[in-house]
Amino acid sequence: MEILRIRGGTRLEGSVPVSGAKNAALPILFAGILSDQPSTLRNVPDLADIKTTLKVLETLGISVSREDDRVTLDAGNLSSIEAPYDLVRTMRASVLVLGPLLARAGEAKVSLPGGCAIGARPVDFHLSALEKLGAVFEIDGGYIHGRAPHGLRGAILPLPFPSVGATENALMAASLASGISEIQNAACEPEIVDLATALRSMGARISGDGTPVIRIEGVSSLGGMNHSIAPDRVEAATFLCAGLISKGKVRVTGIDSHYLGSALEVLESMGARITSGADWVEAEAGDRLIPSNIQTAPFPGFPTDMQAQFMALMTQADGNSRIEETIFENRFMHVPELARLGARIRIQGNEALVEGPVKLSGATVMATDLRASASLVIAGIAATGETVIRRIYHLDRGYEKLELKLSALGANIRRENEK
């Protein structure tokens, strides 16, 4: 099993490119199911979850080829409607095959998905929206089996919560449903906009993406897509936090500041000097880090996927900070591991009180989920001595060549096989 070994105390400085967004690439890859024509995607990150997704597509009979960051799909010979447990058990996003398969084949059988253990994240919202389009479901033997006996028909789809995944599933399914659909209380994340843009390149008729009401006029068929995946705003924020905790100056390239919105506002409130251009954002450490309070919320609020990284940064703020987690109930599992490095954090219900500044010291820690992994890397960069991070397969689900990119900024970090 592989580990990351970090020797802290070095100042990070320089530029680092941002890869394509995992959270945008996964639904867009599944959208390739909707057409019998070839699709080409660019800026696809090289991640464990992407590799799993491509394997799922291949089990459905879809031809897949990859060269560097370019992926070509051909679903002309779709031969299966089942996404098996052995593949999807590690990846929550696998439930996104439901909408495309129901729309294209009229049937789907998908193992109940796995992924990070950060909360229940039920698929009820997905199923309810698809049922309103005409699907019927049964859950048996750990599988969701869906059918559209009379095809999919346009409908009003009110979501009880602006779920990103449910919005994506409904958006893909409604694109091939007969009639007009309207997703109400839709998620507004940039990854939703990227999916809608990709679907429009296939001939879908979608408007309102990026707002709480998305309107879809269903079409009888879709062509292949030609699309470049949007940049990963979570990766970008991770690099900026790593630079700031090292008292450095880091520029992320290939991304516009609008993708980072509330995260940049928090960094500025903490004393960082933020500058940006058309395709870059830079954060430079100020004289000191100022404590801050954040509350996670659906876009345009503060992203839950950035909470752990900011918690690591807050351990070095000159005073106490507070984080309120409103999206996932188990998303503080990194706290005990940060405590092993010397962090002083108290959990009160869904709030974390972060005491700062504290002196972090290297230790052996264990990653508990994807974003928790990144928080430990950030803390390790600031810690004195050596930090060893185990179970980094979590990290590889969402960060492309993280240790190489950080090394280029001056971090003393390397990947090793555990002895």
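Laboratory data are not the source of any read-out in this text; all were calculated from the coordinates shown. Everything quoted here is computed from the prediction, not taken from an experiment. Glycine gets a Cβ as well: all are built from the backbone with ideal geometry, and neighbour counts include every protein chain shown.
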Quick one: how many lysine pairs in the chain have C-alpha atoms under 18 angstrom apart, if they're 8 or more apart or on different chains? 9
Calculate the dipole size of the stretch 273-419 relative to its Cα centre from +1 charges on Lys and Arg beta carbons and -1 charges on Asp and Glu beta carbons; express the result in debye to the nearest 20. 400
Can you tell me what share of the DSSP beta bridges in the chain is antiparallel? A percent to the nearest 5 is fine. 70
Lys/Arg +1, Asp/Glu -1 at C-beta; the chain dipole; positive extreme among Ser79, Ser94, His126: Ser94
Net dipole in debye of the chain [+1 Lys, Arg Cβ; -1 Asp, Glu Cβ; about Cα centre; nearest 20]: 720
The stretch 344-398 and the stretch 255-288: distance between their alpha carbon centers, rounded to Å: 22
In degrees from 0 to 90, rounded to the nearest 10, what is the angle of the helix 22-31 Cα long axis to the longest principal axis of the chain? 10
Environment charge at Pro158 (Cβ cut-off 12 Å; Lys +1, Arg +1, Asp -1, Glu -1): 0
Residue by residue, what Karplus-based ³J(HN,Hα) values in Hz, rounded to whole numbers, does the stretch 225-232 have, using 6.51, -1.76 and 1.60 with θ = phi - 60° and x for Gly and Pro? 9, 9, 8, 10, 5, 5, x, 8
In degrees, nearest 10, the alpha-carbon axis of helix 370-382 is tilted away from the dominant principal axis of the alpha carbons of the chain by 20
Antiparallel bridge percentage (DSSP; both residues within the stretch 67-213; nearest 5): 65
Taking +1 at the Cβ of each Lys and Arg and -1 at the Cβ of each Asp and Glu, which of Ala166, Ser220, Val193 sits farthest along the dipole of the stretch 137-274 towards its positive end, judged by Cα position relative to the Cα centre? Val193
Net dipole in debye of the stretch 22-228 [+1 Lys, Arg Cβ; -1 Asp, Glu Cβ; about Cα centre; nearest 20]: 160
The orientation-averaged projected area of the Cα convex hull of the stretch 130-197, in nm², is 5.0
Among [x] -0.33, -0.66, -0.94; [y] -0.53, -0.87, -1.09; [z] -0.36, -0.75, -1.10, the entry that matches log10 I(q)/I(0) by the Debye sum over Cα atoms at q = 0.07, 0.10, 0.12 Å⁻¹ as calculated here: [x]
Using only Cα atoms, find the angle between the long axis of helix 190-201 and the longest principal axis of the chain, and express it within 0 to 90 degrees, rounded to the nearest 10. 30
Value at 222 nm in deg cm²/dmol, rounded to 500, when DSSP H runs of n ≥ 4 in the chain each add -39,500 (n - 2.57): -8500 deg cm²/dmol
